[in-house]
Amino acid sequence: MIPSSLDLSNRRIDLRLAGVANGLTLSTLAADGVAWLGAAPSALFSVTVDGRHYDATSLTLEQVTEDTSTEGVRHITLAFSGPGFTVTAHLKTYADTALIEVWQEIRNHGDAPIRIERIDSLDLNLAPVDGSLFHYTGNWGSEFEPHRRRLEGSIRLESRSGRSSKGDHPWFALSNPAGHVLSASVAWSGNWALRFDPLAAGGWRLSGGVNDWAFFKDLAPGTAMETAPVVLVLGPDLNTVSQAYARVGRQHWYPTTSVSAKVPVEWNHWWPYEDAEINETVFAQNVARAEPMGFEVCTLDAGWFGPSDAGTFWEHYRGDWHQVNEGRFPSGLRALGDQVHARGMKFGVWCEIEGLGVEAQVARDHPEYVALRDGERVGCVCFGNPAVQEWAYQTLRRLIVGYGADWIKLDYNLDAGAGCNRTDHGHGAGDGHFEHINGYYATIERVRRDFPEVVLQACSSGGLRIDLGLARRTDMTFLSDPDWPVHDLQLFWGASTMLAPNVLLHWTYSQWRNLNPPPYQTFDPHDPAVTRKVWDYLCRISMLNVFGLSQKLPDLPAWLAQRSVEQIALYKKHVRRFVKEADLYRLTDQPRRSGEGERWVAFQYSLPDRSEHLLFVFRLPGAEPARAIRLQGLEPERLYTIGGFEGEPTRQALGRDLMTNGLPFSDLLEEDSALLKLA
C-alpha cells in the first residue's frame with residue numbers, strides 16, 4: 001500500500017510528502033519554525049520528455065521504499081511510471097541537520113527512443129517572501145565575488161562555460177526578513193542552472209539541475225540516465241547552513257586517504273619556477289629543504305611532460321602524458337619520487353588529464369579521442385568516449401605505479417562550453433558535455449577504487465570548478481591561482497559557505513616569476529617590509545584550510561625559513577585538528593579583494609563537543625584601529641581561558657560576555673593577526 005503522506009521529521013527539519021491523485025507532492029518544508037513552501041503543492045522534480053512536461057503530480061506513483069542501513073541517513077525512493085518511461089526519485093535526509101538531497105533516474109521502458117530536453121532535479125513552489133538572494137560569481141583571480149539582490153522577477157543562475165564555478169557559482173542562500181536561510185547547491189561539475197520564476201498566486205518556483213541550454217539526451221529503449229543531485233539546506237542563519245553542508249560532507253560525501261585525513265602541509269613548485277626554471281636539480285634542492293621544514297607533500301606541477309626540450313611550453317603538449325621531458329628530468333620522474341619518499345614525504349604530480357594541447361601527439365595518434373563541436377576542437381579529449389576513459393585511467397595508473405605518485409593534482413584549464421557534439425564515440429549530439437562529466441567522474445572513481453590511498457586534488461585554473469559533485473570524488477579542491485592575502489580571505493569566507501575547511505587548499509602568499517601577475521601579487525621574501533608579524537599574518541591565512549607554500553625554499557632568508565618551520569609545527573600540533581573536524585563560524589562579513597567590504601576579519605573554530613575553540617583575527621589594510629569581535633556558540637555561564645600558543649599572556653571571560661560584548665583587539669597593526677585558543 002502506498003502511503004498518502006510520509007513524515008521525514010527529525011529535530012531540525014519537517015519534510016512532508018502528500019499524495020495528490022496518483023502522484024506525490026511536497027507539502028511542507030520547514031525548519032526552525034519557518035515554513036518555506038507556498039500554498040501551491042510542489043512537484044519535487046520535473047522532466048521534459050519528447051516535448052511534454054512531467055513531474056511527480058502527473059506521473060503515477062507505483063512504490064515508496066525506505067532505506068536506513070547507512071547510519072544517520074534516511075534514503076527514500078519513489079518509483080513513478082509514465083508513458084514509456086519510469087522515474088525513480090531519490091530523497092535523502094541526514095540526521096541532526098536540515099539538509100535534503102534529491103536526484104532521479106529516468107529509464108526508457110518503451111520500444112522507441114525518447115528525448116530528454118530538460119531535467120530539473122529540484123522543483124519547488126516557495127512561499128511569498130520579501131527575500132534577499134545571496135550568491136557568488138567567479139572568474140580567474142576573482143572567485144567567490146559576492147552578490148546580493150532582492151528576490152523579484154525571474155532570476156537565473158547558471159554556468160554555460162562547461163566549468164561549474166566560472167560565471168555563477170552553483171550555490172545560493174535565500175534569506176527571509178528574520179534572517180532564516182534556505183540554501184541550495186547543484187552537485188555537478190559541468191553546466192547547471194538554478195531558476196527563480198514568479199508564480200501567479202505569489203511566491204516563486206525554484207527549479208534547477210543540469211542546464212537545459214544546448215542540451216538534450218536521446219535515451220534508447222532499455223537505457224537510463226541519472227540527473228545531477230541538488231542539495232537543499234535550511235537554517236536560522238548562514239553559519240548554521242554552512243555547518244550542515246560541512247558536517248554532511250565530512251561524514252557522508254568527502255573521500256579521504258590516510259594522507260588527506262591528516263590535512264597535510266604541501267609544497268608546490270609552480271609560482272616561483274613555473275615550467276621555465278623547474279628541472280630535477282631544482283626540484284631535488286627544494287625537496288632537501290622541505291623535509292627539515294616540516295612539509296609532508298612535495299608536488300611537481302606542470303612542466304614535467306612533453307618533448308625532451310627544456311623550452312617546451314606545457315600548455316601546448318597537454319595530453320602527451322606518456323612523454324617525460326628528459327631535457328628537464330633526465331633521470332625520469334620515478335627518481336624524483338624516490339627522493340621524496342626517502343625523506344619521508346609524499347610525492348605529488350600535476351596532470352590535466354582532460355586537456356588537449358595544440359601540439360599533442362595523442363590527437364594525431366588517436367583522433368577519435370578529440371572532443372569536437374561542429375567539427376572544431378573544443379580543447380579537450382572527450383570522456384563521453386569509453387576509449388578515452390580507459391586511456392585516462394591507464395595514464396593516471398602510470399603516474400601512480402610507474403612514477404610513485406601519492407598525490408595527483410587534477411587541473412582543468414579550458415572552457416568546453418556545450419562540449420562535444422560528434423556522434424561517433426559514445427554519446428549523442430546534445431549530451432556531449434553531460435557525458436564528458438559522467439565519464440570523468442567514472443574514471444576518477446575507478447582510480448579511487450584501485451588506489452584508495454592516492455590523494456586526488458581538484459583544480460581548474462585555480463577555482464573555476466568548485467562544486468559538490470567533484471567534492472564527492474576528490475580529497476580537496478584548490479581555491480584560486482593568485483594568493484595575495486585579502487584575496488585569500490575573501491575566497492575562504494566564500495568557499496566555506498558550502499565546503500568544509502579541510503577540503504579547501506590554498507597557499508600562503510607566493511613569489512611569482514610570472515611577468516604579468518595580478519597587481520597585488522607582489523610578494524618578495526627579501527623585502528624588508530616582510531616582518532615576522534607580516535609573515536605570521538600570511539601564514540595564518542593559509543592555516544585556515546589545508547596549508548601550503550609555493551616558494552623557492554633554498555632561497556628563503558634564514559629568519560623566514562626558521563619562522564616557517566615554527567608556523568608549520570604550530571599548524572600540525574594545534575591548528576589542523578580544528579580544520580579537520582571543527583564547526584566554522586564567520587564572525588565578520590566577507591572582506592573584498594578590491595579594498596571594499598569588511599576590514600577586520602575573524603573566524604572561530606569550535607570542536608563538535610564545544611570543549612575547545614580556536615579564534616583567528618586579521619586586521620587588514622584600511623581597518624579602524626580597534627574592534628571587539630563577538631564570538632558564537634559558547635556556553636553563556638562558562639568561564640573561558642583565552643591564550644595564544646607562543647607564551648602570550650592569558651585572560652578569562654564568561655561566554656555570555658564574549659558573545660554579547662565581544663573580545664576587544666586594539667594592539668594589532670595593519671597586516672597583523674591573532675591566533676587564540678579558548679578552553
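Local charge for M225 was computed over the other residues whose Cβ lies under 11 Å away, with Lys and Arg +1 and Asp and Glu -1, and equals -3. Taking each residue as 0.36 nm, the span from R630 to S594 lengthens on full extension beyond its C-alpha to C-alpha distance by 10.4 nm. Looking at (i) 192; (ii) 154; (iii) 262, which value of volume of the Cα convex hull per residue in Å³ comes from a calculation on the structure shown? Computed from these coordinates, volume of the Cα convex hull per residue in Å³ corresponds to label (ii).
What list do you get for E581, E624 if you sort them by fewest beta carbons within 10 Å?
Fewest to most other Cβ atoms nearby, the residues stand as E624, E581.
Working ranking of peptides 340-347, 265-272, 529-536 by packing, defined as the average number of other Cβ atoms within 10 Å per residue, highest first, is 265-272, 340-347, 529-536.
Calculate the spin-label point distance for R377 paired with D50, positioning each point 7 Å from the Cα along the beta-carbon direction, and give it in nanometres. Distance between label points: 4.2 nm. Placing +1 on each Lys and Arg Cβ and -1 on each Asp and Glu Cβ, with no other charges, gives region 516-616 a dipole about its Cα centre of roughly 180 debye. Count charges around R205 for me, please; just the other residues with Cβ under 10 Å from its Cβ, Lys/Arg as +1, Asp/Glu as -1. Residues near R205 contribute -2 overall.
Computed from the C-beta positions of A178 and R638 and an R0 of 41 Å, the FRET efficiency is 0.90 to the nearest 0.05. If a paramagnetic tag sat 7 Å from the Cα of H316 along the Cα-Cβ line, which residues of region 357-373 would have the backbone N under 18 Å from that point? Under 18 Å, as judged by backbone N against the label point of H316, lie 357-365 of region 357-373. The slack between N139 and H366, meaning 0.36 nm per residue of separation minus the straight C-alpha distance, is 78.5 nm.
According to a simple spin-label model (label point 7 Å from Cα along Cα-to-Cβ), what is the distance in nm between S258 and R115? The modelled label-to-label distance comes out at 5.4 nm. Here r is the Cβ-Cβ distance between V401 and E445 and R0 is 25 Å; the resulting FRET efficiency, rounded to 0.05, is 0.85. The charge dipole of region 5-253, taken about the Cα centre with unit charges on the Cβ atoms of Lys, Arg (+1) and Asp, Glu (-1), comes to about 440 debye, rounded to the nearest 20. Here the chain carries DSSP beta bridges of which approximately 85% are antiparallel, counting only pairs with both residues inside. Between the listed residues S175, V248, W204, the Cα displaced farthest toward the positive end of the dipole of region 5-253, a dipole computed from Cβ unit charges relative to the Cα centre, is found at S175. Sorting the segments 327-333, 380-386 by their mean number of nearby beta carbons within 10 angstrom, highest to lowest, gives 380-386, 327-333.
Can you order the peptides 156-163, 49-56 by their average number of other Cβ atoms within 10 Å per residue, highest first?
Listed from highest to lowest mean packing, they are 156-163, 49-56.
Label separation (R656 vs L515): 6.6 nm, computed from points 7 Å beyond Cα along the C-beta direction. Averaging the Cα positions of each part gives two centres, and for region 508-576 and region 632-659 these lie 29 Å apart. Between A220 and H75, the FRET efficiency from the beta-carbon distance, with R0 = 22 Å, is close to 0.20. Other residues whose C-beta falls under 10 angstrom from the C-beta of S673 contribute a net charge of 0, scoring Lys and Arg +1 and Asp and Glu -1.
Each value in this text was obtained by applying a stated rule to the coordinates, not by laboratory testing. Only a predicted model underlies this, so the values are computations on that prediction, with no experimental measurement involved. We place every Cβ from the backbone using ideal geometry, glycine too, and count neighbours over all the protein chains shown.
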